[in-house]
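Read through the structure below, which is laid out as structure tokens, and then see the notes.
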Amino acid sequence: MTIKVLIIDDDKSLCARLEAYFAQHDLQLIIANSATEGLSELTLAQPDVLLLDVMMPQTDGFTLCKQIRLTNSIPIIMLTARGELSDKVLGLELGADDYLAKPFEPRELVARVQVLVRRQTLVGKVSPSLSFGELQISTSNHQATLKGEDIGLTGMEFKLLHLLASHPGEVFSRDQLLNELKGIDAEIYSRSIDILMSRLRQKLGDDPKHVKFIKTLRNVGYTFIGKSA
């Protein structure tokens, strides 16, 4: 099955080059040169992965990423000519799954796309669903609900929750989690796992004084303590 990739980038020359290169790897690149066009294609084409340029006129990539994450958990790779660490961290905080600075080699971008798609597929094969009382985790649509309400996880947040919940009681060190969630630049690994964990706990409603799902073991790591239904 051909993987569909949507790119939202106003650089038409780059998009054309990537379209030709992606086709060589059985990837269908759907091109949108504006935020408005991109949002429309996101709904109509139902792509598997989104490539989102940061530096765009009218609506920048950070704003668009935040908007998309309100309703969609599609894997997102941010593309930008600005490679500052602060920009990379901001992209992750807004829900991006990966970050690639321009200029880049097309083969590296293809590899990152394939990694994200492979992760999505593997997660879906582990088990159809996990249930922990009020928390339901569905691998078929990469969705988690709490008290029947979708808590709106990003692709990477879902992977982190699914990893922990699939091994209740098992302790994961930060390094183990980072190894499982590779895909983000090495220089921001340690910061990114803290961001992901903080966002995930907030969405789960985990109060540090009354933890129901993810417990921190100081100087050791994290463990999932939710009770199976």
When the chain is treated as a Gaussian network with springs between alpha carbons less than 10 Å apart, the largest mean-square fluctuation among Arg107, Arg69, Arg119 is found at Arg107
Computed curve, the chain, Cα-only Debye sum without solvent term, log₁₀ I(q)/I(0) at 0.11, 0.16, 0.17 Å⁻¹, is -0.55, -1.12, -1.24
What the Cα atoms of region 127-224 span along the principal axes, largest first and in whole Å, is 37, 29, 21
So, relative contact order of the chain in percent, Cα under 8 Å, 6 or more apart, is 15
Ranked on Cβ counts within 10 Å of their own Cβ, fewest leading, Asp97, Asp26 go Asp26, Asp97
From fewest to most C-beta neighbours within 10 Å, the residues Val211, Val5, Val54, Val220 line up as Val220, Val211, Val54, Val5
quick note, the chain, DSSP beta bridge pairs, % antiparallel (nearest 5) is 50
With +1 on the Cβ of every Lys and Arg and -1 on the Cβ of every Asp and Glu, the dipole magnitude of region 127-224 about its Cα centre, in debye rounded to the nearest 20, is 220
Averaged over all viewing directions, the convex hull of the alpha carbons in region 3-121 casts a projected area in nm² of 6.6
Assertion target for Thr154, Thr80, ordered by fewest C-beta neighbours within 10 angstrom first, is Thr80, Thr154
Checking region 136-179 for GluC sites (Glu not before Pro) in a loop per DSSP with at most 13 other beta-carbon atoms within 10 Å yields Glu170
If every Lys and Arg gets +1 and every Asp and Glu gets -1 at its Cβ, then about the Cα centre the chain yields a dipole, in debye to the nearest 20, of 800
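The numbers here are math on the coordinates, done by the rules we state, and not lab data. These numbers come from a predicted model, not from an experiment. So basically every Cβ, Gly included, is an ideal-geometry build from the backbone, and we count neighbours across all protein chains shown.
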